[in-house]
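Asks: Sharing a structure below in structure tokens format, with a few things to ask.
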Amino acid sequence: MKSAGNLLPQVSQNELQAMAYSDPLTGLGNRYRMRDKVRLLAAERAQDPAPFTICIANLDGFKPINDLFGSVAGDEILCQVAHRLKACIPDGATVTRHDGDEFAFILPLIFERTGAERIGQMIKDVLSAPYDLGDRNVRLSASFGFAIYPFAGEDFEELLKSAETALYRSKRRGRGQITVYSREIAQEMKRATQLEQALRNAIIADAVDVHFQPIVRISDGSVVGFEALARWIDADLGFVSPAVFVPLAEERGFIDALSETLLRKAAEAALSWPRDLFLSFNLSSAQLMDPGTTETILATLGRVGLDPYRLELEITETAVMTSADTAQRIITDLRQAGVRISLDDFGTGQSSLGRLRDFTFDKVKIDRAFVSRITTDRASEHIVKAIIAMCQGLDLEVVAEGIETPEDAEKLNGLGCGMGQGYYYGRPADGNVTLRYLHDHYRDFVTIDRP
Ligand code: C2E
Ligand code: MG
Ligand code: MG
């Protein structure tokens with residue numbers, strides 16, 4: 001058999017080595033170059049204990065530009081970014097390019113947080129000047145994650161992971177943010193990991209429960225359905241809010257398992273309610289980005305035996321906007337199967353009314369933030385009024401969330417709001433209490449004993 005050397009006689013060993021360590025598009029070093037340099041630096045600094053810093057930078061909004069102007073323009077931007085970075089980094093520093101629009105830096109002379117933030121700001125400014133594509137200019141911003149050796153990691157992998165965590169935090173805060181991995185972040189990560197472990201165990205032990213909050217017709221207070229709300233009380237951590245553990249399950253990639261258990265339990269409970277009452281279930285934003293969601297939901301309903309016509313799914317504007325195409329597909333498929341879709345927390349998400357027009361919903365839930373101040377704040381009252389008018393015009397049902405007093409209810413009734421939900425009508429309660437509530441509040445309700 002011929003060796004690679006024989007097959008490629010014109011490429012020297014050195015050249016092969018260089019190719020393996022560089023990014024062909026920009027000519028910068030690649031991930032392996034960075035890894036080797038960091039290892040070398042860490043070995044040096046282990047003798048002479050002085051910190052150094054690494055950074056990962058990710059361009060904000062590069063993908064839409066690439067999609068809109070084409071990959072040739074995208075490549076051109078990446079080359080211009082590389083050029084600017086090479087020109088602006090301090091002496092002794094290294095810049096590399098990783099996947100796609102991700103770049104990294106090794107900064108041997110940056111020892112602490114303010115130095116890292118200062119250099120992050122400088123690079124950000126350099127990258128924010130317009131990019132010349134011949135026939136047009138485009139602008140970009142970038143997000144940064146810094147990690148300082150040895151505190152944020154004693155080896156390359158750990159250090160890189162810390163920088164990635166910092167970058168993730170930056171991205172979550174919006175565009176153009178700079179984050180330096182800190183003790184607080186390390187603490188939070190530790191707490192989140194403990195919570196994650198406890199939650200994973202709770203799911204396996206079937207210890208996450210669902211409670212139900214009545215949704216009523218405001219004109220006569222009669223119950224029309226219930227919203228399922230996840231509840232978890234951990235032996236050590238105590239009560240943990242779903243507003244904390246649902247996003248954690250999303251972030252750590254096990255929202256599907258959690259949501260399936262919750263939907264199963266909620267649907268089983270709904271079987272004991274009168275058939276004309278609906279079950280409203282919250283779908284997380286990660287689920288609206290996952291094309292498998294429709295099938296999972298319909299399969300769960302099928303196994304439990306709950307008619308899809310009795311299910312409503314609550315989704316948020318922000319979730320719909322983040323991954324519009326996939327969300328659109330999921331919504332269409334579910335509606336075709338008979339499931340109704342309501343837009344939760346309306347008025348608080350990041351949406352444009354124009355984009356919302358492209359989606360088909362059945363119901364809008366006005367966020368508590370407006371409802372709770374409806375009797376005291378004129379602006380809130382006008383917003384609620386406008387949302388109700390919009391829903392009437394678009395033939396959408398409307399639910400006001402967070403009704404706490406008879407005055408709120410009366411006001412909303414006067415404004416023509418069809419449905420309501422809130423502590424005034426009933427707090428979220430477990431399955432048994434919910435059945436008792438139905439006894440007291442639903443005409444002709446008799447409990448059907450189920451095996
Ligand atoms: P959400 O879907 O907007 O649910 C309404 C929240 O408002 C619930 O909080 C409910 O207990 C609370 N609430 C209802 N009426 C009143 C009121 O009159 N006054 C006040 N102050 N609060 C009221 P909760 O149960 O803590 O849930 C928080 C959020 O967590 C939910 O907001 C929802 O986004 C999420 N969540 C809860 N359960 C699930 C679930 O099973 N799956 C998913 N994906 N998310 C869930
Ligand atoms: Mg909800
Ligand atoms: Mg809500």
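The values are calculated or read from the model by the stated rules, or taken from the named source; none is laboratory data. This is a predicted model, so every value here is computed, not measured. FYI the Cβ positions are ideal-geometry reconstructions off the backbone, even for glycines, and counts take in every protein chain you see.
Asks: Return the total of residues in segment 312-331 being of a type in the set (D, E, K, R) and without any contact (Cβ under 8 Å) to a residue 40 or more places away in the chain.
Replies: Total meeting the criteria: 3.
Asks: Still on this structure: Identify, please: which residue in segment 36-80 is under 23 Å from Ile119 (Cα atoms), basic (Lys, Arg) and out of contact with any Ser or Thr (no Cβ under 9 Å at 6 or more places or on another chain) and is, among those, surrounded by the fewest Cβ atoms within 10 Å (Cβ to Cβ)?
Replies: Here the residue is Arg39.
Asks: Moving on. Could we say that Ala142 is buried (at least 18 other Cβ atoms within 10 Å of the Cβ), in a loop (DSSP other than H, G, I, E, B) and either touching a helix residue (DSSP H, G or I) at 6+ places or on another chain (Cβ under 6 Å) or not assigned by TED's automatic domain parsing to the domain that holds Glu401 (or both) here?
Replies: Judged against the criteria, Ala142 is not a match.
Asks: In this structure, does Pro9 turn out to be modelled with pLDDT under 95, outside any loop (DSSP other than H, G, I, E, B) and either surrounded by fewer than 17 Cβ atoms within 10 Å (Cβ to Cβ) or of a type in the set (Asp, Glu) (or both)?
Replies: Working: modelled with pLDDT under 95: yes; outside any loop (DSSP other than H, G, I, E, B): no; either surrounded by fewer than 17 Cβ atoms within 10 Å (Cβ to Cβ) or of a type in the set (Asp, Glu) (or both): yes.
It is false that Pro9 is modelled with pLDDT under 95, outside any loop (DSSP other than H, G, I, E, B) and either surrounded by fewer than 17 Cβ atoms within 10 Å (Cβ to Cβ) or of a type in the set (Asp, Glu) (or both).
Asks: Is at least one residue of segment 315-323 more than 16 Å from ligand 2 (Cβ to nearest atom) and farther than 21 Å from Phe361 by Cβ?
Replies: Within segment 315-323 (the criterion being more than 16 Å from ligand 2 (Cβ to nearest atom) and farther than 21 Å from Phe361 by Cβ), the answer is no, since none of the residues qualifies.
Asks: Counting just the residues of segment 389-398 that are part of a loop (DSSP other than H, G, I, E, B) and of a type outside the set (D, E, K, R), which one comes out nearest to ligand 2 (Cβ to nearest atom)?
Replies: Among residues in segment 389-398 that are part of a loop (DSSP other than H, G, I, E, B) and of a type outside the set (D, E, K, R), the one nearest to ligand 2 (Cβ to nearest atom) is Leu396.
Asks: Then there's this: Tell me, which strands (runs of 3 or more DSSP E) wholly within segment 164-278 include 1 or more residues that are hydroxyl-bearing (Ser, Thr, Tyr) and more than 27 Å from Arg427 (Cα to Cα)?
Replies: 178-180
Asks: Go through (1) within 16 Å of ligand 1 (Cβ to nearest atom); (2) farther than 25 Å from Phe278 by Cα for Cys417 and report which single condition fails.
Replies: Failed condition: (2).
Asks: Just checking, which of Gly349, Gly338, Gly354 is within 14 Å of ligand 1 (Cβ to nearest atom) and either assigned to a strand (DSSP E or B) or not aromatic (Phe, Trp, Tyr) (or both)?
Replies: Gly349
Asks: Could you grab me the full set of residues in segment 43-80 that are within 23 Å of Met122 (Cα to Cα) and hydroxyl-bearing (Ser, Thr, Tyr)?
Replies: Result: Thr53, single match.
Asks: From the set of residues in segment 224-247 that are exposed (fewer than 14 other Cβ atoms within 10 Å of the Cβ) and small (Gly, Ala, Ser), which is nearest to ligand 2 (Cβ to nearest atom)?
Replies: That would be Ala243.
Asks: Taking segment 353-388 as the region of interest, how many residues are touching a Phe, Trp or Tyr at 6+ places or on another chain (Cβ under 6 Å) and more than 16 Å from ligand 2 (Cβ to nearest atom)?
Replies: Residues meeting the conditions: 3.
Asks: For the condition surrounded by fewer than 18 Cβ atoms within 10 Å (Cβ to Cβ), more than 22 Å from Leu229 (Cα to Cα) and of a type in the set (A, V, I, L, M), what is the one hit in Leu353, Leu298?
Replies: Only one candidate qualifies: Leu353.
Asks: Only residues that are surrounded by fewer than 17 Cβ atoms within 10 Å (Cβ to Cβ) and part of a strand (DSSP E or B): list them for segment 110-137, please.
Replies: Of everything in segment 110-137, those that are surrounded by fewer than 17 Cβ atoms within 10 Å (Cβ to Cβ) and part of a strand (DSSP E or B) turn out to be Asp132, Asn137.
Asks: Select from segment 359-390 the residues that are over 20 Å from Arg217 (Cα atoms), in contact with a strand residue (DSSP E or B) (Cβ under 9 Å, 6 or more places away or on another chain) and within 15 Å of ligand 1 (Cβ to nearest atom) and list them in ascending order. Walk me through how you get there before you give the answer.
Replies: First pass over segment 359-390, keeping only residues over 20 Å from Arg217 (Cα atoms): 359-360, 369, 373, 376-380, 382-383.
Okay, now just the ones that are also in contact with a strand residue (DSSP E or B) (Cβ under 9 Å, 6 or more places away or on another chain), so 359-360, 369, 383.
Residue satisfying the conditions is Ala369 alone.
Asks: Give segment 311-330 a look and list any residue that's away from ligand 1 (no atom under 13 Å from the Cβ), outside any loop (DSSP other than H, G, I, E, B) and surrounded by fewer than 21 Cβ atoms within 10 Å (Cβ to Cβ), or say none.
Replies: Listed by number, the residues that qualify are Met321, Thr322, Ala324, Asp325, Thr326, Gln328, Arg329.
Asks: For Leu258, indicate whether it is assigned by TED's automatic domain parsing to the domain that holds Arg231, surrounded by 22 or more Cβ atoms within 10 Å (Cβ to Cβ) and more than 14 Å from ligand 2 (Cβ to nearest atom).
Replies: Yes; evaluated as a whole, the condition is true for this residue.
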